[in-house]
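Okay, structure first, notes after.
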Amino acid sequence: MNEPSWKRRVAEVRALGTPRGRRRYGWTALEGLRVVERAWRAGCRPHFVLADARFLRTEDARSRDLREGLETAGVELIPVPDDTFSDLTDGRDLGGLIAAVDLPHGPPLSTLVSTPGPRALFLACLSVLDPGNLGALARTAHAAGARALLLAASSDPFHPRAVRTSMGSLFRLPVVEWSRPVELFEALAEQGVKTVGAVTQGGVPMQKIEPGDGPLAVLLGSEAHGLQPAELERLDGRVTLPMADGVDSLSINAAAAVLLYGLRDSGQL
């Protein structure tokens, strides 16, 4: 590929670092061997891949297999000078490739609720503003067997930092978004999804949650303020995790992991 062309592709990847650029192209950027590899295995076909010299030359089995798979599928592998690549990644060394891929679109909540299988469990996040937290929450929800990640008034889940932190889970776990928390609550009520919200005090211990028999959503509020009073009023239940003296909260991802795994392993789901 000639120089003007690789420069154009680099400019496009830079644009994908902004919400405006992602909306313009309908793409997001995946950085690093593991994330691209997992998205590829999930059936995500890149429009093109930027690669540094090491990735193009390496005989490491994983890198070679991915490279050969992309080439066989006709995906354009574009060599980029090492200094330019390092600038794109802010010096991160995650495997020497960046892929431009379509933004995933999750199915509607009604489809997710009605899909046959184990009882539907959802992780719902309201006003979570740190993209890194959203990526970590997606990874945790995926690992814990949640059916989808539900978001309201939150950061862009396909921000580059969210995508990196999710380690590919954002391309395997459906994500459904609403502009306002009230819209999320209305959608959950319409589909008969029971809601349990995490609160720092005043909730019941996890062992005393009575989730019933239908679909269940575990709700988390913003990193700084948690669930708001109007949101608390709409919950079917509240849960508080015990903590040591002098500690007023867990990190949002730690709380999600404890709740999702605790509910699953306690036999309550």
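Quick note: the coordinates plus some simple rules give every number you see, no bench work behind them. From a predicted model like this one, the values you see are computed outputs, not experimental measurements. All Cβ positions, glycine included, derive from the backbone under ideal geometry; neighbour counts span all protein chains shown.
Dipole of the stretch 3-102 computed with +1 at Lys/Arg Cβ and -1 at Asp/Glu Cβ about the Cα centre; of G26, T89, V10, farthest Cα towards the positive end is G26.
For the pair T84 and D248, the difference between a 0.36 nm per residue extended length and the Cα-Cα distance amounts to 54.6 nm.
The label point for L94 and the one for A11, both projected 7 Å from the Cα toward the Cβ, are 2.5 nm apart.
Can you pull out the trypsin sites (Lys or Arg not before Pro) in the stretch 60-141 that DSSP calls coil and that have at most 12 other Cβ atoms within 10 Å? Please list the in-between numbers first.
Values: sites: R62, R64, R67, R92, R119, R139; in loops: R92, R119.
For trypsin sites (Lys or Arg not before Pro) across the stretch 60-141 that sit outside H, G, I, E and B with at most 12 neighbouring Cβ atoms in 10 Å, the list reads R92.
Kindly identify the stretch 109-265 as rounded, prolate or oblate by the Cα gyration tensor criterion: order the square roots of the eigenvalues as a ≥ b ≥ c, call it rounded if a/c is under 1.5, otherwise compare a/b with b/c, prolate if a/b is larger, else oblate. The shape class here is rounded. Just how far, in whole angstrom, is the stretch 194-241 from the stretch 1-59 if you go by their alpha carbon centroids? A separation of 39 Å, based on Cα centres.
Restricting the count to DSSP beta bridges whose residues both fall in the chain, what percent are antiparallel, rounded to a multiple of 5? Could you put the intermediate results ahead of the total?
Working: 10 of 36 bridges.
Counting DSSP beta bridges with both partners in the chain, the antiparallel share is about 30 percent.
Ordering 234-242, 70-78 by mean Cβ neighbour count within 10 Å, with the highest value first, yields 234-242, 70-78. Summarising the strand pairing of the stretch 109-265, around 5 percent of its internal DSSP beta bridges are antiparallel.
Ranked from highest to lowest mean number of other Cβ atoms within 10 Å per residue, what is the order of the peptides 187-194, 25-32?
Values: 187-194: 17.2, 25-32: 21.5.
For the peptides 187-194, 25-32, the packing ranking is 25-32, 187-194.
G17 sits among other residues whose Cβ lies under 15 Å from its own Cβ, and their net charge, with Lys and Arg +1 and Asp and Glu -1, is +4.
If I require 15 Å or longer along the helix axis, counting alpha carbons, and a Kyte-Doolittle average no lower than 0.5, what helices from the chain are left? Use full DSSP H segments.
Working: long enough: 3-15 (18 Å, -1.21); 61-72 (16 Å, -1.37); 131-143 (18 Å, 0.04); 252-265 (19 Å, 1.01).
Once both thresholds are applied, what remains is 252-265.
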